[in-house]
1. Quick one: is B:Leu171 in contact with a Gly (Cβ under 9 Å, 6 or more places away or on another chain), assigned to a helix (DSSP H, G or I) and within 24 Å of B:Arg247 (Cβ to Cβ)?
2. Could you check B:Phe279 against (1) farther than 26 Å from A:Arg16 by Cα; (2) surrounded by 16 or more Cβ atoms within 10 Å (Cβ to Cβ) and say which number it fails?
3. Sort through B:Ala194, B:Ala182, B:Ala220 and tell me the only one that's buried (at least 20 other Cβ atoms within 10 Å of the Cβ), touching a residue at least 40 places away in the same chain (Cβ under 8 Å) and touching a Ser or Thr at 6+ places or on another chain (Cβ under 6 Å).
4. Report yes if some residue within region B:216-238 is under 13 Å from B:Ile103 (Cβ atoms), under 18 Å from the mean Cα position of the chain (by Cα) and outside any loop (DSSP other than H, G, I, E, B); otherwise report no.
5. Yes or no: region A:383-393 includes at least one residue that is among the aromatic types (Phe, Trp, Tyr), at pLDDT 85 or above and surrounded by fewer than 21 Cβ atoms within 10 Å (Cβ to Cβ).
6. Output the residues belonging to region A:327-356 that are among the hydroxyl-bearing types (Ser, Thr, Tyr), touching a Phe, Trp or Tyr at 6+ places or on another chain (Cβ under 9 Å) and surrounded by fewer than 19 Cβ atoms within 10 Å (Cβ to Cβ).
7. Among the candidates A:Arg75, A:Arg103, single out the residue that is basic (Lys, Arg), closer than 30 Å to A:Tyr167 by Cα and at the interface with chain B (Cβ under 7 Å from one of its Cβ atoms).
8. Does at least one position in region A:106-113 carry a residue that is of a type in the set (A, V, I, L, M), facing chain B (nearest Cβ under 8 Å) and more than 22 Å from the chain's Cα centre (by Cα)?
Amino acid sequence: MTDVAINVEGIAKSYRIARALGRQPYRTLQEEVIALPKNLWKRALSRADTMETFWALDDVSFEVRTGEVVGIIGRNGAGKSTLLKLLSRITQPTRGRAEIYGRIGALLEVGTGFHPELTGRENIFLSGAILGMRKTEIARQFDAIVSFAEVEQFIDTPIKRYSSGMYTRLAFAVAAHLEPEILLVDEVLAVGDASFQKKCLGKMEDVAGEGRTVFFVSHNTQAVRQLCSRGILLEHGRVVADGPVDGTMAVYNQRLRDMRVDAETGVNNPENRRGSGAVRFTGVSVEDMEGNERYSFEMGDSVRFRLAMTVNTPMRGLAVVVALRSGLSREMVTSARHVITTDAVPAGVSTTVVVDFPDVYIRPGEYPLYLQATEAIQSATNYDVLDDLTPPLVITGGSSRPHDNFDPAQPYGLFSLPSRITAEQPASPEAAEAPAGNRMRPHIMR
Amino acid sequence: MTAPAATAHRDRPGGATRRPTVVIEPASGWSALNLRELWTYRDLLFILAGRDIKLRYKQTGLGITWVVLQPLVAAMIFTIMFGRFAKLPSDGHPYIVFVFSGIVAWNYFAAVLQRAGNSLITDSKLITKVYFPRLAIPLASTFSAMIDLAVSLSVLGVIMLVYRVVPTWRLVTLPLFIGLAAVTATGVSLWLSALNVRYRDFAHAMPFIIQVWMFASPVAYATTLVPERWRLIYSLNPAVAIVEGVRWSVLGSSAITLPMVLISAALALVVFTGGAFFFRRVERGFADSV
């Protein structure tokens, strides 16, 4: 039987947020002094304050055993990051209790404490100390950190002169050489390019393989599935599923599917839904060519997006963007922009457009959707953006060829473009002498 | 891979023998300084102080010369204005030596207030991303300002050499007065920095507070200017004992008396202890409100 690493009992965290367009969260002394009699009066009358309480986490309990790799999944605002901040002691809970057994290391961002004016060497010591390493420990790991980051030549250069790639590598290298018994990781993988993400994932797999406890927070379902054995699903600050990662993921995807996008969905969640609201999507569905709603497709299938929208204020034309993000790096994989009309559109108009993607040869994986409704003229203004608010498009392999199955450790790429052999050099002397009819015929491969 | 603990194990594995490394629960009320924890983070404290020193003079043409230049120019202005024109008494020392010794002590005090006061805002990114004893941030300023103090003390030594002022045995008490300055300044800045997180007004008020405080302290003038019966009340300003104390130990004489030092020291202790408790109480909310 393994030991407990983290034991969380009924933990809750509330924030007091200003009611819509109310006061700013930090007040000035003057405001406070002026408001004092009013507040006392209010309290005396026990009337509602101008602030309201928002429970970011509400009665969360679970237990993590040493060596477990746990993924915390959930939408933006579900309480994932709050949970990490509580466990890493950055903020304090409002209620409940958590016990941590062992040294904890939290990676809530890449490059914590880095200062652009300082050299790589100085930043290694600074960031290491901030993350909780002793000076001697950093000195011992110094060479390993530098070579992992591949910045030997520039170690005494201020990091403001580093390329963003060097910066990220150095930052991750410091964090990777932290040797906690329990590692808490937030959306660290949301930065950097795909190869960096793979390096991060690989390093985290190593950490997990060493029998250390990893607590991984992400809405990157693909990475969670790859890395974690257990998944905890948070929704509105509560645990709604806890168990083997596949089961939790199934619950998560089902909940995403159950949620119908309408004009109001996620409007209060500016990370996922942005825009002025001059036009709003009122319904989104992903279908096959027969019109059946589906979220999972095989590579090569055709995918249809049916987008309903309503114009709320007059617009100069109407266009939609349908784009796929990478499930790993969140980079845009591909996008399509279609102008519906260039004529002025009055308020109150509703329309439904159907966008087809024939023969989608994208390698298997999960691709979050990015949908945008905008004016026909390209502009910087957002009108309505649904960013990863719907279930991701899932492409399955259904193939025995390794290239067609998802493996983040292998750089197979995102697309499967048609390619073929059109000319062939003899592979060996015998082959050269072989009669022309026996030659391998050029063939087309996907 | 270990089997996922999907079903809740409510038994306590390891029994009572295994105690948690950290217990996280809502704290309320007042709590004392956690010195043991601060000690485990001592490396961070000094690395942060080192960072402050390095950053201060990065990409400056004159670099550390600024530490020398600032008090020198101030001392020269004071010497001309107060020494020559206003003919303020300087307790029998050459005026420039007198005023420079005051400026050295005062500048350390003011530097800690200024740096520490804003430190939590400057490092707000750290506070929201990592846990460490928050006290390390303002404390780092207490230490980083020591470097500037050391530099300006050696300039004072040179000036004394030029004016042939020979220090007495009283010089050995200098560390005591510097310690008093450090405790007082840290105490005040614990209040200021914590209040600044909640009320940004303090960021605006700070330069003003420092300026007024300087003229309320015997930097450019001697304590002898204050009528004798008011001196004990005057020393309720802890900067009095710091400035005159440093002067006394370096130059060998000043109008400071032991009761004055004791009053200032007692007050410094009260401010420091109060500041530490206040800081501990409000630091829980830093990450949420910074």
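The values are calculated or read from the model by the stated rules, or taken from the named source; none is laboratory data. These figures come from a predicted structure and were not determined experimentally. Cβ coordinates were reconstructed from backbone atoms using ideal geometry, including for glycine residues, and neighbour counts include every protein chain displayed.
1. Working: in contact with a Gly (Cβ under 9 Å, 6 or more places away or on another chain): yes; assigned to a helix (DSSP H, G or I): yes; within 24 Å of B:Arg247 (Cβ to Cβ): yes.
Spelling it out, B:Leu171 is indeed in contact with a Gly (Cβ under 9 Å, 6 or more places away or on another chain), assigned to a helix (DSSP H, G or I) and within 24 Å of B:Arg247 (Cβ to Cβ).
2. Failed condition: (1).
3. Details: B:Ala194 fails: touching a Ser or Thr at 6+ places or on another chain (Cβ under 6 Å); B:Ala220 fails: touching a Ser or Thr at 6+ places or on another chain (Cβ under 6 Å).
Criteria check complete, one pass: B:Ala182.
4. no
5. Residues of region A:383-393 that are among the aromatic types (Phe, Trp, Tyr), as a first pass: A:383.
This time we only want the ones that are at pLDDT 85 or above, so: A:383.
With surrounded by fewer than 21 Cβ atoms within 10 Å (Cβ to Cβ) added as a condition, the list becomes none.
No, every residue in region A:383-393 fails to be among the aromatic types (Phe, Trp, Tyr), at pLDDT 85 or above and surrounded by fewer than 21 Cβ atoms within 10 Å (Cβ to Cβ).
6. If we filter region A:327-356 for residues that are among the hydroxyl-bearing types (Ser, Thr, Tyr), which is where we start, we get A:329, A:334-335, A:341-342, A:350-352.
From the residues that got through so far, the ones that are touching a Phe, Trp or Tyr at 6+ places or on another chain (Cβ under 9 Å) too are A:329, A:334-335.
The answer is A:Thr334, A:Ser335.
7. A:Arg103
8. Step one: list which residues in region A:106-113 are of a type in the set (A, V, I, L, M), which gives A:106-108, A:110.
Filter again for facing chain B (nearest Cβ under 8 Å), leaving A:106, A:108.
From the residues that got through so far, the ones that are more than 22 Å from the chain's Cα centre (by Cα) too are none.
Taking every residue of region A:106-113 in turn, none turns out to be of a type in the set (A, V, I, L, M), facing chain B (nearest Cβ under 8 Å) and more than 22 Å from the chain's Cα centre (by Cα).
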